[in-house]
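Remarks on the structure that follows.
Throughout, read-outs are computed from the coordinates displayed, never taken from laboratory work. The structure presented is a predicted model; accordingly, all values stated were derived computationally and were not measured. Note that each Cβ is placed from the backbone with ideal geometry, even for glycine, and that neighbours are counted across all protein chains shown.
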Amino acid sequence: MKTIRIYHNPRCSKCRETCALIAERGYTAEIVEYLKTPPSKEELRDLLKKLGMQPEEIVRKGEDVFKEQYAHRTLSSEEWLDALAAHPILIERPIVVRGNKAVVARPPEKALELL
C-alpha cells in the first residue's frame with residue numbers, strides 16, 4: 001500500500017515538510033485539508049484509535065480558541081471530541097495515516113514510522 005493520508009494545513013511548514021518527505025520516498029499522499037473539510041467526531045475517534053491517543057493529546061494548546069475557551073477547563077474525552085469537531089484549528093498537525101496506524105508527524109520524520 002503506497003497511499004498515505006495526511007491531515008494537512010498548507011500554511012504549516014511541518015505539514016509541507018511531511019508531504020515532501022513522503023513524496024521523496026515514492027508514496028502518493030492523499031491530502032485532507034482538515035480546516036476546509038473537518039473530520040467528524042466519528043472520524044476523530046477512528047484517527048485517535050489509530051494514533052493510540054486520547055483527544056486531549058492532540059489539542060493545540062497555543063491556539064487562541066484554546067486559550068479563550070478551554071485553557072482553564074477540565075473536559076471529558078467526549079467533550080474534547082466535541083471541541084475538536086467544532087474547532088478543527090485545535091487539531092495537532094500533520095496527522096499521517098497508513099492503513100490502521102497513524103502518527104502525529106512532529107517532527108516530520110515521525111511519518112517514516114509508517115513507511
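What the table below lists for this structure:
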{"read-out": "Dipole of the chain, positive end: most advanced residue of Tyr34, Thr74, Ala20 [Cβ charges, Cα centre]", "value": "Ala20"}
{"read-out": "Trypsin sites (Lys or Arg not before Pro) restricted to region 17-77 and DSSP loop, no more than 10 other C-beta within 10 Å", "value": "Lys36, Arg73"}
{"read-out": "Cα-based Lys pair tally, the chain, threshold under 15 Å, eight or more apart or on separate chains", "value": "8"}
{"read-out": "Estimated 222 nm signal from helices in the chain, with DSSP H stretches of n ≥ 4 weighted -39500 (n - 2.57), rounded to 500", "value": "-10000 deg cm²/dmol"}
{"read-out": "Mean separation of Cα contacts under 8 Å (6+ apart) over length of the chain, as relative contact order %", "value": "35"}
{"read-out": "Point-charge dipole on Cβ atoms (K/R +1, D/E -1) for region 3-114, about Cα centre, debye to 20", "value": "300"}
{"read-out": "Rounded to 5, percent antiparallel among DSSP beta bridges of region 3-114", "value": "55"}
{"read-out": "Using alpha carbons only: equivalent-ellipsoid semi-axes of the chain, gyration tensor based, whole Å", "value": "25, 14, 12"}
